[in-house]
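Below: the structure, in structure tokens.
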Amino acid sequence: MKAEAYMQKTNHCEQMLYYIIAVLLSGVDILVKNRIERLPQKSLPKPFKMPCIGHFKNKKTYKKNNIKEDIIKGNNIKKNNIKKNHELFKNEKILIYSCRNKGFSMGIFEGSGIVKYLPVLITIHIMNCLYRGIKLKKGFLHNISLSLIVAGALSNIYDRFKRGYVVDYININVSVLNRIVFNMADVYILLGSMLHAALKI
């Protein structure tokens, strides 16, 4: 009986660990989004500089390029503005924006109720898969891959219900990636999905 009780307690702790990881990763992305939302729009885009998250400003670059306030108007990014920004920041690899996405990726289904509620249903299903994976001892990589997907989903779901849009803020100023603005939640989902798919092969 003691051994059985110990095993149940261990399984419960392991289950909680993966959910805690998902919540913590989601919280990091939400905090960054809150920080981005508080930045003056006229100061964006900004080159990302390590090591201090939130401290994206490069004063020399701004003075050299003499950035005008009308590069970004409001929170929506126009393609011609992105092109202009890449010319201004051609030596910067990562740029920080504040882009409000009211749809799925690339603005698909913008303004539709499906954008809010479909991710909730999918996330509940993935959390159930994570629960079963822990119970059936499917292994660390399987469970962490699902935790990453849940983390990304929770952050974007929070945005959709709290703000009415998802905050995208990362732009990789390289080749075909320079037209895409995303967030850490998208990175979590991508990495988790790739790892999960790799384990299925």
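The values are calculated or read from the model by the stated rules, or taken from the named source; none is laboratory data. Only a predicted model underlies this, so the values are computations on that prediction, with no experimental measurement involved. Neighbour counts are summed over all protein chains in view; Cβ atoms, including those assigned to glycine, are modelled from backbone coordinates with ideal geometry. All accessible areas refer to the heavy atoms of the entire protein, side chains included, with ligands and DNA or RNA removed. Shrake-Rupley method; radii C 1.70, N 1.55, O 1.52, S 1.80 Å.
Evaluating 6.51 cos²θ - 1.76 cosθ + 1.60 at θ = phi - 60° for every residue in the stretch 196-201, the Karplus couplings come out as 5, 5, 4, 6, 7, 6 Hz, glycine and proline recorded as x.
DSSP loop trypsin sites (Lys or Arg not before Pro) in the stretch 152-193 with at most 14 other Cβ atoms within 10 Å of their Cβ, which ones?
On the way: sites: Arg160, Lys162, Arg163, Arg179; in loops: Arg163.
Answer in residue order: Arg163.
Starting from the Cα-Cα distance between Val23 and Phe161, subtract it from 0.36 nm times their residue separation and give me the gain in nm to one decimal.
Values: separation 138, 0.36 × 138 = 49.68 nm, distance 1.66 nm.
Residue separation times 0.36 nm, minus the Cα-Cα distance, leaves 48.0 nm.
If you sort Val187, Val176 by accessible surface, 1.4 Å probe, largest first, the order is Val176, Val187.
At a probe radius of 1.4 Å, what is the per-residue accessible area of Glu14, in Å² to the nearest 10? That residue has around 50 Å² of solvent-accessible surface.
Mark the label point 7 Å from the Cα of Lys102 along Cα→Cβ and return the residues of the stretch 167-188 whose backbone N is within less than 17 Å of it. Residues 167-168 qualify, since their backbone N sits under 17 Å from the label point.
Checking the Cα-Cα distances for Lys33/Lys200; Lys102/Lys162; Lys93/Lys116; Lys116/Lys200; Lys33/Lys116 against a 21 Å cut-off, the pairs over it are Lys33/Lys200; Lys93/Lys116; Lys116/Lys200.
Peptides 20-27, 150-157 ranked from most to least packed, by the mean per-residue count of other Cβ atoms within 10 Å: 150-157, 20-27. 3J(HN,Hα) along the stretch 97-104: 10, 9, 10, 9, 10, 8, x, 7 Hz, from the Karplus curve 6.51 cos²θ - 1.76 cosθ + 1.60 with θ = phi - 60°, whole Hz, x for Gly and Pro. Computed from phi, the 3J(HN,Hα) profile of the stretch 157-174 under the Karplus parametrisation 6.51, -1.76, 1.60 (θ = phi - 60°) reads 5, 4, 4, 5, 8, 7, 9, x, 6, 9, 8, 9, 9, 10, 10, 8, 7, 9 Hz, with x in place of Gly and Pro. The listed residues Ser175, Ser98, once ranked by accessible area (1.4 Å probe) with the largest placed first, stand as Ser175, Ser98. Count Lys and Arg as plus one, Asp and Glu as minus one, and take only other residues whose Cβ is under 11 Å from that of His142; the net charge is then +4.
Rank Tyr117, Tyr19 by accessible area, highest first, at a 1.4 Å probe radius? Provide the component values of the computation, followed by the final result.
Numbers: Tyr117 130, Tyr19 45 Å².
The residues order as Tyr117, Tyr19, largest area first.
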